[in-house]
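Okay, structure first, notes after.
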Amino acid sequence: VSAPANVCVVIPAAGLGERLGLDQPKAFVAINNWSLLSLTIRRVLDIARVGHLIVAVPADFKTEALEHIDRAMRDANKKIPFDVVVGGETRTQSVKNSLLALDQLDSFVLVHDAARPFVPQSVFESVIGKLDNGAKVVIPVIPVSDTIKTVNEKSEVINTLDRTQLRAVQTPQGFAREVLSEIYATTDLKPTTDDAGLAEIAGINVSTVAGSVESFKVTTPFDLEMATNFMNRK
Ligand code: C5P
């Protein structure tokens, strides 16, 4: 029996979070004195298989990022090797920059948004489990509860999509390392809103596992309020 594959988690945290309307990058916004970044790293540290962490942050935030990583590691009482890299203008570029810090030993790479601090451990485990079983790309998804329609540039309805076929896509998105490196190595890299989008463009099969409503992404001021309530629950 061979040893389980090493897992590296990449955390894109270089977004400016303009939709949040605050004066600092989203990942550095705090709830109860904990930044979204430190909360997210704290969750990641609970996953025993994760042996390497790469965090992409805005250019001026490298030093500050070290404090947030250190805080999460002290709270978890666990230290793992990590790298802090400078992100890019798009999420896609931030992930691409992160991949330069990959180690030869990182067999699986999970890309997880800093803006999803409450992702349950079970979602990480499902993604890793599917990679263990040979899947090359795995994403967590949830059914959509709203009806979704497409509109034209005048916001008039074009049509209604079949909800039974729709899924909302979350992170962590898991990859066999060589597959992720390959899809990000293309010269005409198109910015996509998630990493698996690049795999689809490359014609690679993408598997799904059950995501979680707890893994919601903090995007708007209302999300931040929800996140605060969620953290203070019980
Ligand atoms: O903006 P959005 O919520 O889709 O961003 C998702 C994640 O990607 C966030 O954690 C954000 O910090 C990160 N991101 C990044 N670099 C960018 C844009 C977004 O690392 N240029």
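The values are calculated or read from the model by the stated rules, or taken from the named source; none is laboratory data. All values reported here derive from a predicted model rather than from experimental measurement. So basically every Cβ, Gly included, is an ideal-geometry build from the backbone, and we count neighbours across all protein chains shown.
Structure above, values below:
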| read-out | value |
| --- | --- |
| Subset of the range 201-221 that is in contact with a Pro (Cβ under 6 Å, 6 or more places away or on another chain) and more than 16 Å from the ligand (Cβ to nearest atom) - its residue that is farthest from Gly17 (Cα to Cα) | Val209 |
| Tabulated pairs, the range 38-49, first outside any helix (DSSP H, G or I) and modelled with pLDDT of 95 or more, second aromatic (Phe, Trp, Tyr) and crowded, with 22+ Cβ neighbours inside 10 Å, C-beta under 7 angstrom, 6+ apart or interchain | Ile47/Phe124 |
| Lone unmet requirement of (1) touching a residue at least 24 places away in the same chain (Cβ under 8 Å); (2) among the β-branched types (Val, Ile, Thr); (3) not in a strand (DSSP E or B) for Thr164 | (1) |
| Residue match in the range 69-76 (condition: under 14 Å from Pro25 (Cβ atoms) and surrounded by fewer than 20 Cβ atoms within 10 Å (Cβ to Cβ)) | no |
| Count of the range 87-100 residues which are more than 9 Å from the ligand (Cβ to nearest atom), aliphatic (A, V, I, L, M) and within 16 Å of the chain's Cα centre (by Cα) | 1 |
| Verdict on Ile80 being modelled with pLDDT of 95 or more, part of a loop (DSSP other than H, G, I, E, B), more than 16 Å from the ligand (Cβ to nearest atom) and under 16 Å from the mean Cα position of the chain (by Cα) | no |
| Residues being hydrophobic (A, V, I, L, M, F, W, C), away from the ligand (no atom under 14 Å from the Cβ) and part of a loop (DSSP other than H, G, I, E, B) - total across the range 1-37 | 3 |
| Residue ID - surrounded by the fewest Cβ atoms within 10 Å (Cβ to Cβ), chosen from residues in the range 33-46 that are touching a helix residue (DSSP H, G or I) at 6+ places or on another chain (Cβ under 6 Å) and of a type outside the set (Gly, Ala, Ser) | Asp46 |
| Looking only at the range 1-19, and only at residues there that are out of contact with any strand residue (DSSP E or B) (no Cβ under 8 Å at 6 or more places or on another chain) and surrounded by 20 or more Cβ atoms within 10 Å (Cβ to Cβ), the one that is nearest to Thr90 (Cα to Cα) | Gly15 |
| Hits in the range 184-227 (condition: farther than 26 Å from Leu99 by Cα and of a type in the set (Phe, Trp, Tyr)) | Phe222 |
| Evaluation of Leu22 against (1) crowded, with 20+ Cβ neighbours inside 10 Å; (2) touching a Pro at 6+ places or on another chain (Cβ under 9 Å); (3) aliphatic (A, V, I, L, M) (one fails), failing number | (1) |
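Conditions (1) within 18 Å of Thr192 (Cβ to Cβ); (2) out of contact with any strand residue (DSSP E or B) (no Cβ under 9 Å at 6 or more places or on another chain); (3) outside any loop (DSSP other than H, G, I, E, B), marked per residue:
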residue	(1), (2), (3)
Leu66	no, no, yes
Arg74	no, yes, yes
Val95	yes, no, yes
Leu110	yes, no, yes
Phe124	no, no, yes
Pro140	yes, no, yes
Thr147	no, no, no
Lys154	no, yes, no
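So that you can scan it fast, the table gives a plain yes or no per residue for (1) out of contact with any helix residue (DSSP H, G or I) (no Cβ under 9 Å at 6 or more places or on another chain); (2) in a loop (DSSP other than H, G, I, E, B):
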residue	(1), (2)
Leu189	no, yes
Glu214	no, no
Thr219	no, yes
Phe222	yes, no
Glu225	yes, no
Thr228	yes, no
